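Undergrad: Quick one: structure below, then a few questions.
The values are calculated or read from the model by the stated rules, or taken from the named source; none is laboratory data. Quick caveat, the model's predicted, so the values are computed rather than measured. Because the Cβ atoms are built from the backbone with ideal geometry, glycine has one as well, and the counts that use them run over all protein chains shown.
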Amino acid sequence: MAEMTQIKEESYQLKRAKGKLERLKKEFAQVDEQLNAHYKITNGQPMNDKRNGASWFKKKDRIEERGFRLLDEIKQQEERIEKLEDREENKALGLNRQGNGLEMSVANIPRIEEEIEKFKRGESRYTKTTIKRYEMELVKLKEMAKKAEQKLTAGAQKLVDDGLLRQWKKKPTIYFVTDRNFKKLALELNSEGKFEESSVYRYRATTDEAKAYVQKLLSMQKEINGGVTVG
């Protein structure tokens with residue numbers, strides 16, 4: 001992988017994952033102390049007392065089982081953190097999550113343009129086919145960036161202000177519905193500053209309930225609009 005770029009600030013997700021790892025390690029340290037204290041009960045001698053031996057071994061097994069479970073959780077959490085760090089490194093380099101290509105987002109337009117210029121100079125590691133795809137995506141992203149700069153109509157702004165829609169930073173003309181009953185349902189901002197049904201099929205309403213909700217939002221937008229736009 002390319003040399004790591006300085007990441008100014010870790011994401012909330014990574015910070016949270018590291019915090020969980022620290023909690024798991026502290027919990028394991030407590031279990032380890034508990035196990036050591038339990039062994040000291042025998043003064044280093046075999047537990048042969050028929051009255052207390054069984055309960056001693058039973059408790060020892062419980063403590064050890066908890067310790068093994070925590071070790072497994074720690075390992076899984078360390079692997080998760082490694083993946084998150086790779087993802088953030090890729091993001092800092094303008095790459096997608098997998099690190100095998102550039103991220104296609106409005107914010108990454110300068111990086112895409114830079115890579116296209118590198119290809120023209122014979123310095124890019126990407127193939128001609130990939131660069132051609134990037135050029136096509138770049139046109140779409142620039143159109144999207146231009147649309148995103150449009151002032152929203154009063155009705156569109158009201159939907160955002162009321163928390164019914166949330167802008168997608170990666171592709172800022174896409175606004176996802178915030179109602180958790182609808183997953184990946186979005187409206188799209190057009191060049192007039194109004195919301196309409198998404199041109200991307202996977203973000204369009206497919207169920208009767210979702211279709212009804214989209215129409216409700218569009219109707220709310222229409223009722224509020226009076227040709228007035230807001231900044």
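Undergrad: Being among the polar types (S, T, N, Q) and under 30 Å from residue 57 (Cβ atoms) is the filter; apply it to region 10-42 and report the residue that is surrounded by the fewest Cβ atoms within 10 Å (Cβ to Cβ). Steps first, answer last, please.
TA: We begin by selecting, within region 10-42, every residue among the polar types (S, T, N, Q); these are 11, 13, 30, 34, 36, 42.
Among the residues that remain, those that are also under 30 Å from residue 57 (Cβ atoms) are: 30, 34, 36, 42.
Working: 30: 13, 34: 14, 36: 10, 42: 15.
Only one residue tops the list, namely 36.
Undergrad: Here's a follow-up. Got a number for residues in region 139-159 being modelled with pLDDT under 95 and of a type in the set (Val, Ile, Thr)?
TA: Of the residues in region 139-159, 1 are modelled with pLDDT under 95 and of a type in the set (Val, Ile, Thr).
Undergrad: It is to be established whether one or more residues within region 45-61 are closer than 26 Å to residue 171 by Cα, exposed (fewer than 12 other Cβ atoms within 10 Å of the Cβ) and over 25 Å from the mean Cα position of the chain (by Cα).
TA: Kept after step one, since they are closer than 26 Å to residue 171 by Cα, are these residues of region 45-61: none.
No, because not a single residue in region 45-61 is closer than 26 Å to residue 171 by Cα, exposed (fewer than 12 other Cβ atoms within 10 Å of the Cβ) and over 25 Å from the mean Cα position of the chain (by Cα).
Undergrad: Can you find even one residue in region 184-206 that is in contact (Cβ under 8 Å) with a residue 24 or more places away in the chain and under 23 Å from residue 94 (Cα atoms)?
TA: Pass one, region 184-206, residues in contact (Cβ under 8 Å) with a residue 24 or more places away in the chain: 185, 187, 189-195, 198, 200, 203.
Then keep just the ones that are under 23 Å from residue 94 (Cα atoms); that gives none.
Scanning region 184-206, I find no residue that is in contact (Cβ under 8 Å) with a residue 24 or more places away in the chain and under 23 Å from residue 94 (Cα atoms), so the answer is no.
Undergrad: Hey, another quick one. Do we find a residue being outside any helix (DSSP H, G or I) and of a type in the set (Phe, Trp, Tyr) anywhere in region 206-227? Lay out the reasoning, then the answer.
TA: Of all residues in region 206-227, those outside any helix (DSSP H, G or I) come to 206-207, 225-227.
When the remaining residues are screened for being of a type in the set (Phe, Trp, Tyr), the result is none.
Checked region 206-227: no residue is outside any helix (DSSP H, G or I) and of a type in the set (Phe, Trp, Tyr).
Undergrad: Another question, if that's okay. Give the residue that is nearest to residue 198 (Cα to Cα), with candidates limited to residues of region 126-166 that are without any contact (Cβ under 8 Å) to a residue 12 or more places away in the chain and among the polar types (S, T, N, Q).
TA: 129
Undergrad: Give the residue, chosen from 64, 88, that is at pLDDT 90 or above, of a type in the set (Asp, Glu) and in a helix (DSSP H, G or I). Reasoning before the result, please.
TA: Working: 88 fails: at pLDDT 90 or above.
Selected residue: 64, the only one of 64, 88 that is at pLDDT 90 or above, of a type in the set (Asp, Glu) and in a helix (DSSP H, G or I).
Undergrad: Now, a different point. When the residues of region 91-111 are narrowed to those that are touching a residue at least 12 places away in the same chain (Cβ under 8 Å) and part of a loop (DSSP other than H, G, I, E, B), which ends up surrounded by the most Cβ atoms within 10 Å (Cβ to Cβ)? If you could, list the steps in order and put the result at the bottom.
TA: Going residue by residue through region 91-111, those that are touching a residue at least 12 places away in the same chain (Cβ under 8 Å) are 91-94, 99, 101-109, 111.
Remaining after also requiring part of a loop (DSSP other than H, G, I, E, B): 93-94, 99, 101, 103-105.
Values: 93: 16, 94: 19, 99: 14, 101: 16, 103: 16, 104: 17, 105: 21.
So, considering only residues that are touching a residue at least 12 places away in the same chain (Cβ under 8 Å) and part of a loop (DSSP other than H, G, I, E, B), the one surrounded by the most Cβ atoms within 10 Å (Cβ to Cβ) is 105.
Undergrad: Residue by residue through region 112-147, note down the ones that are surrounded by 15 or more Cβ atoms within 10 Å (Cβ to Cβ) and closer than 30 Å to residue 222 by Cα.
TA: 141, 144, 145, 147 - these are the residues of region 112-147 that are surrounded by 15 or more Cβ atoms within 10 Å (Cβ to Cβ) and closer than 30 Å to residue 222 by Cα.
Undergrad: Also, I was wondering about something else. Say whether the condition of being more than 26 Å from residue 111 (Cα to Cα), assigned to a helix (DSSP H, G or I), of a type outside the set (Lys, Arg) and over 20 Å from the mean Cα position of the chain (by Cα) is met by at least one residue in region 137-154. Write out each step before concluding.
TA: Taking region 137-154 and keeping what is more than 26 Å from residue 111 (Cα to Cα), we get 151-154.
So of that shortlist, the ones also assigned to a helix (DSSP H, G or I) come out as 154.
Among the residues that remain, those that are also of a type outside the set (Lys, Arg) are: 154.
Retained after the next criterion (residues that are over 20 Å from the mean Cα position of the chain (by Cα)): 154.
Scanning region 137-154, I find at least one residue that is more than 26 Å from residue 111 (Cα to Cα), assigned to a helix (DSSP H, G or I), of a type outside the set (Lys, Arg) and over 20 Å from the mean Cα position of the chain (by Cα), so the answer is yes.
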